[in-house]
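A short write-up of the structure that comes next.
The values are calculated or read from the model by the stated rules, or taken from the named source; none is laboratory data. None of these values were measured; they are calculated from a predicted model. Note: ideal-geometry Cβ built from the backbone for every residue, glycine included; neighbour counts use all protein chains shown. Only protein heavy atoms, including side chains, enter the accessible area calculation; ligands, DNA and RNA are left aside. Shrake-Rupley method; radii C 1.70, N 1.55, O 1.52, S 1.80 Å.
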Amino acid sequence: MNISPEEAEKALLEIEASRVAMRGAIRSHRGHLFLWLWGFVWMAMSALYWIDGHRFLWEIVAFAAAGIVGSFVIGIVQDRQIRSRFDRRFAAVCATLLVFGYGVWPVLFGGFASHKAAFGYFSLLWMQLYIVAGIWFDIYLLWVGLAVTALIVAGFLLAPGFFWAFTLLCGAVLVGSGFYVRYFWR
């Protein structure tokens, strides 16, 4: 079978158009919406916590619940646009980390010395999930998890009086990473 140079050129152009369309679809569903959502939720919870965490405890819980609901909505909408297989092993790893992180370790070690320690601990627990997701799926999540972890540890150990500023910055890192992933990640 012989094809003409025009047919070959047309086929190559169709392949390139398909590749560009696929890259665009993947880029627009790569997790930037989750990063934006959780970045803003993180900043709101952090601001309320540092204004008066005891007084705003239920509002902080409400923001977290809204973030969870928002994550499910984003996941459902995106699943309709790009089908992918649910990774049960990854879900099991996440569930294990969360069960131990929320249920076993705090109880085993008798809780936390302060609310700041609890906030730092649970933030680091979630960053551990980002790091695992980065190892498992996409490297940018690894770097986001490491960057936020570094900020939390630096704020907690090096500038405890300004820990609240570091936690706000962590939310900004998530939001900024969302913009990077959406518009620049290839």
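Just one residue in the set I68, I51 is open to solvent by 40 Å² or more (accessible area, probe 1.4 Å), of a type in the set (A, V, I, L, M, F, W, C) and modelled with pLDDT under 85; that residue is I51. Note down all Cβ pairs under 6 Å where the first residue falls in the range 88-110 and is free of Cβ contacts under 8 Å to residues at least 12 places away in the same chain, the second is in a helix (DSSP H, G or I), and they're at least six residues apart or on different chains. That search, which allows pairs on different chains as well, returns nothing.
Taken over the range 118-150, the criterion of being within 14 Å of S46 (Cα to Cα), of a type in the set (A, V, I, L, M, F, W, C) and without any contact (Cβ under 8 Å) to a residue 24 or more places away in the chain is satisfied by A118, F122. Using beta carbons and a limit of 9 Å, which pairs, at least six apart or on different chains, have the first residue in the range 174-186 and under 15 Å from Y130 (Cα atoms) and at pLDDT 85 or above and the second one surrounded by 15 or more Cβ atoms within 10 Å (Cβ to Cβ) and polar (S, T, N, Q)? Taking only residues 6 or more apart or on different chains, not a single pair turns up. Would you mind stating whether W42 is open to solvent by less than 50 Å² (accessible area, probe 1.4 Å) and in a helix (DSSP H, G or I)? For W42, the condition - open to solvent by less than 50 Å² (accessible area, probe 1.4 Å) and in a helix (DSSP H, G or I) - is met. Count, please, the residues in the range 29-78 that happen to be in contact (Cβ under 8 Å) with a residue 24 or more places away in the chain and over 16 Å from F119 (Cα atoms). Matching residues across the range 29-78 total 16.
Residues in the range 71-89 that are loosely packed, with under 14 Cβ neighbours inside 10 Å and of a type outside the set (D, E, K, R): F72, V73, G75, I76, V77, Q81, I82, S84, F86.
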